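What follows is one structure encoded as structure tokens, with my remarks underneath.
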Amino acid sequence: MILLGGRKLLFICMLCICIVNPVLSQNKSELEKYTAGHEKRMEWWRDAKYGLFVHWGLYAQLGGQWKGKQQDGDNGEWIMFHEKIPLNEYKEVAKQFNPVGFNADEWVKIVKAAGMKYIVITAKHCEGFAMFHSKANSYNIVDATPFGRDPLMELRKACDKHGIKLGFYYSHTWDWSHPHAKGLYNSWDFPDVKKKNVEKYYDEKSIPQINELTNNYKPDIMWFDVPSDITRQRSLEILKIIRTANPDCIINDRISQEHNSKELVMGDYFTPEQYIPENLNVDFETCMTLNGTWGYKYFDTNWKDAKTILQNLLKNISQGGNYLLNVGPDARGKIPAASVAVLKIAGNWIKRNKEGIYATVKSPIGQVYYKNAVCVAKPGKLFIHIFKIPEQPELVIGEINADISSIYFLQDEKKGKLNYKQTNENDLIIAFDPVKIPSNLIDPLITTIVIEYKGELKPREKPMIVDYFNPVTFYVSDAKLKGDVKYGLNKRWHPYKGYEIRKWNNKGAISWNYRTIRNGKYKIELVYGANDLSHDNDIHVKINGKTFMHKIKDTPGWYKEVKKIIGEVELKAGTTDSLVAIAGYSNTHAIANLKRINLIPIPGN
Ligand code: H79
């Protein structure tokens, strides 16, 4: 080991500061310059709510099967990686790829019928094959297949014709066809990492192709994937290319390693994948598959139904985010008929209820207390999308500090149909008796009602309601923290971990105020993650003058959620109190990652 003397070390430090500082400040001003205009850029996107993700590449030709073996459980677009298909054999697939059934107009019409406002399509996935005519690299759909057409240019034209926005997914770091690409690289053709010069990959392929897409196809969105192994300098370079050509081009978070940071740095929005976040106060878009794969697999017929799609869309918009739902067109260039059918059913519902979807915003009073519904807002209106008719003939909306003028079904022209009462506590309760409601107003998918009010809707002031008619969740994101208790990632929602209390020990407390509107008995359920080091430590929950102690056991790991019923509690109507959770003695640094506490009504009480 070389030991540096104090003076030498100081000299090196000074030298580093001198060299690094100008670069940092230059980076900072470039970053500011090329991220400016976020609010304006996001206007159409925030109103759009719903888009189509399209994963289409050479993997569509294979349909999830290689040499007679079906790729179970894996994503179709990953077949080259999972089967370690040699590049020269994979290139043969390109020679067979001839999707003559592709019709850009037809795709855009499917998008419109689905009620979607934009498309994001794979211009190049990790396999490295470009689905557009690239001069920078001949491994592309025009030069390397018998098809010889440029589907992205055709789509650009069709989208312009029909008023649909178009974005491109581009795998800027991973590329299994390029010897110099890093990240998760092709280790079967190019095993020698020492021979790699990643700058060559960026200079020869990634950067020129991003230039081509930007300048020739004028994308409205650039959607990058896994930014592992990319330097900040390269991410900035990409940002600069895109924004120099078009300051309004929207870019997702995965352009740079900020992807895991607590705030947006270069990107315009976060991209939770296959997971709808809760309480995230930043632009985001949840992407999800319609079956179990992004890229086409002929044997995956596990389609989500229209109701699930709509619920996902509505949950996302109620949290202030967009929904990007994926289809995987096949080797003929057709979107599978089963996907088209289900998108259309959901699309017809959206057309009927569009007023409660597009251009809505997150509700200023948060969610309603009735659990099987979500709430979104427009000036003077709250839209309540009801997923399931309540078992009790009423909808508990909760505290509303505004002058309500009428409550009606969105489908009903004659307004003011629903009766309601507002309690002394300003809680709104809507009568919702399916026996009395005309059957045509109950939608077999989702029923939407509108609450119209005059004046300003002020934020809620009172503690949350514990209501015997509805299970209640105490989210840690809404808790008061006392002492040495912290949120993971500074309270930012994490794509895999969600919100949680981290490093919880016996030096702090987590609490929530609540009030009750009815008598009732509840089960207390803890939701947390812990590993076996925590076993036999305990968690204490205090409610209604009683303390419930829970011993931690049978927990598979810090980030694997477990649900444990720890006792029962009876609450009387009209109480205001608090629920407190405290970690018991711990000889390790933390005992559990707490996520939430549920009170589940016990029927018959
Ligand atoms: O394009 C879709 C996916 O192909 C892509 N993102 C969406 C939008 C994507 N899937 N996974 N990843 C990106 C990152 C995951 C990587 C890995 Fe693994 C998890 C690498 C190693 C563990 C799964 C298991 C894949 C390989 C082994």
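All of the numbers you see were taken from the coordinates with simple rules; none came from a lab. As the structure is a prediction and not an experimental result, all values here were calculated from the model. Note that each Cβ is placed from the backbone with ideal geometry, even for glycine, and that neighbours are counted across all protein chains shown.
What is the packing order of peptides 199-211, 561-573, taking the mean over residues of other C-beta atoms within 10 Å and listing the highest first?
199-211, 561-573
How do 188-195, 176-183 rank on mean C-beta neighbours within 10 Å, highest first?
176-183, 188-195
Roughly how many nanometres apart are two label points built 7 Å out from the Cα toward the Cβ at Asp536 and Asp484?
Here the answer is 2.2 nm between the modelled labels.
Which of Ala359, Asn419, Ala338 sits closest to the plus end of the dipole of the range 334-428, meaning its Cα is farthest towards the positive end, when Lys and Arg get +1 and Asp and Glu get -1 on the C-beta?
Of the listed residues, the answer is Ala338.
Near the amide H of Leu290, under 5 Å away, which other amide H atoms are found, from residues 5 or more places off or on another chain, if H is placed in the peptide plane?
Asn326
Once R0 is set to 35 Å, what does the formula 1/(1 + (r/R0)^6) return for the Cβ-Cβ distance between Tyr298 and Asp189, expressed as a FRET efficiency to the nearest 0.05?
About 0.85, to the nearest 0.05.
Taking 0.36 nm per residue of separation and subtracting the Cα-Cα distance, what length does fully extending Arg332 through Ile565 add?
78.7 nm
In the neighborhood of Asp248, defined by Cβ-to-Cβ distances under 13 Å, what is the net charge if each Lys or Arg adds +1 and each Asp or Glu adds -1?
Here the count lands on +1.
Within the range 462-478, name every residue whose backbone N is under 20 Å away from a label modeled 7 Å from Cα of Lys521 along the Cβ vector.
Output list for this probe position: 466-472.
What 222 nm value per residue comes from the helices of the chain, counting each DSSP H run with n ≥ 4 as -39,500 (n - 2.57) and dividing by all residues, nearest 500 deg cm²/dmol?
About -7000 deg cm²/dmol.
For each of Cys249, Cys375, count neighbouring Cβ atoms within 10 Å of the residue's Cβ, then give the residues from fewest to most.
Starting with the residue having the fewest Cβ neighbours, the order is Cys249, Cys375.
Take Lys503 and Glu154, extend 7 Å from each Cα along the Cα→Cβ direction, and tell me the distance between the two endpoints in nm.
The two pseudo-label positions are separated by 5.6 nm.
Got the relative contact order for the range 85-237 handy, in percent, Cα pairs under 8 Å and 6 or more residues apart?
Value for the range 85-237: 24 percent.
Cα-based Rg (one decimal) and Dmax (whole number) for the range 306-449, in Å?
In Å, with Rg to one decimal and Dmax whole: 16.7, 63.
Could you give the length gained by full extension between Ile600 and Thr576, i.e. 0.36 nm per residue of separation minus their alpha carbon distance, to one decimal place?
Details: separation 24, 0.36 × 24 = 8.64 nm, distance 1.83 nm.
6.8 nm is the gain from fully extending Ile600 to Thr576.
Given R₀ = 35 Å, FRET efficiency for Lys381-Lys436 by Cβ-Cβ distance, to 0.05?
For Lys381 and Lys436, the calculated efficiency is 0.90.
Going by average Cβ neighbours within 10 Å, how do the peptides 117-123, 54-60 rank, with the highest at the top?
Those peptides, ordered most packed to least, come out 54-60, 117-123.
Remind me, relative contact order of the range 78-144 in percent, using alpha carbon pairs under 8 angstrom and six or more residues apart?
Worked out over the range 78-144, it gives 24 percent.
Once you have the Cα-Cα distance between Gln65 and Glu204, take 0.36 nm times their residue separation minus that, and quote the gain in nm to one decimal.
Values: separation 139, 0.36 × 139 = 50.04 nm, distance 3.14 nm.
Answer, rounded to one decimal: 46.9 nm.
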